[in-house]
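The values are calculated or read from the model by the stated rules, or taken from the named source; none is laboratory data. All of these numbers come straight from a predicted model, not from anything done at the bench. Reconstructed Cβ throughout: ideal geometry from the backbone, glycine too, with neighbour counts over all protein chains shown. Just so you know, the surface numbers come from the protein's heavy atoms only, side chains and all, with ligands and any DNA or RNA stripped out. Shrake-Rupley method; radii C 1.70, N 1.55, O 1.52, S 1.80 Å.
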Amino acid sequence: MTLDPEKVADLVRACARNVVMPAFRNLETIEIGLKGPNDYVTAADVAAEAFLTPELQALLPGSVVVGEETAGDEAAWRRTLETAEAVWLVDPIDGTANFAAGIPLFGIMVALVEHGQTTHAWIHDPNTGEMGMAQAGAGAWVGGHRSLVSAAPAATAMRGSLNTRFAPEEEAALLFRASRRLPPTLDVCAAVQAYLYVATGRTDYVLFHKLFPWDHAAGVLLHAEAGGHARHRDGTPYAPHGPARGNSMLLTPDAASWRDLYAVLYET
């Protein structure tokens, strides 16, 4: 069955319009909880995932959904992503802490993984209406326009997000020292926003430490199709079924800028 990417984009917009935005800044009626340290969940997250799941499966019969709120055991979802024919990855509200605080820096992320590889991506900012879409080998589009990463400046002039949240203590110390050699960094506390920024050249790089696939599969593909380069700290490429922790991921405009910035961050 041929997938129409615009139908998925319309579904994501409908979820934002009918489920997510009615709850934004109306949280006296929305339950807020913690799944872990600094890891918020609201009833709107759960409702948005429940909205998207059957609709995505209907668009691609036989597909399965791995969503942040219902993923369960890590070993199980990793096997599913590696072996299943078609898997939808859903982050119903990325940036939940911002959402719960009334800060308009959040969004919806959906990726399609086929035979272990991310083939399609959708990233939506409900506050601006911006929609990022990508298909493997066919380019990236944000707001209806072809998306391109920045022309990489010198490593010490690169603008981006050098957060240390979720980084191991030793790595965080390295990054803190390196930050003195870089421009002030931007951390919007939402991967969905960071990916939109870096895939459109608004920032040059982003560094992540917690790598659950619903947070990153769509963004990595969007960035790659915009011309960007992503590698884990050990130099290996990203895969949605890879480990969620222990191997930070750096995204830059190209391979040369990745090597240069990596040297600043970890070798000086």
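For this structure, a couple of remarks:
- Under 5 Å from the amide H of Asn163 lie the amide H atoms of Leu207, each residue being 5 or more positions distant or on a separate chain, with H modelled from the backbone and absent for Pro and chain starts.
- Carbon/sulfur fraction of accessible area - the chain, other protein chains in place, 1.4 Å, %: 53
- Where the chain is the region considered: accessible area per residue in Å², 1.4 Å probe: 43
- Among [x] 62, 44, 32; [y] 52, 38, 36; [z] 50, 43, 37, the entry that matches Cα extents along the principal axes in Å as calculated here: [z]
- Each residue of region 243-252 is assigned a 3J(HN,Hα), and the resulting list reads x, 7, 9, x, 8, 3, 10, 10, 10, 9 Hz, derived from the Karplus form 6.51 cos²θ - 1.76 cosθ + 1.60 (θ = phi - 60°), x at Gly and Pro.
- Extending 7 Å from Cα along the Cβ direction at Thr128 and again at Ala50 yields two label points whose distance is 3.1 nm.
- Accessible surface of Met131, taken over heavy atoms with a 1.4 Å probe and every protein chain present, rounds to 10 Å².
- Residues Phe176 and Glu114, FRET efficiency given R0 of 45 Å [Cβ-Cβ distance, rounded to 0.05]: 0.70
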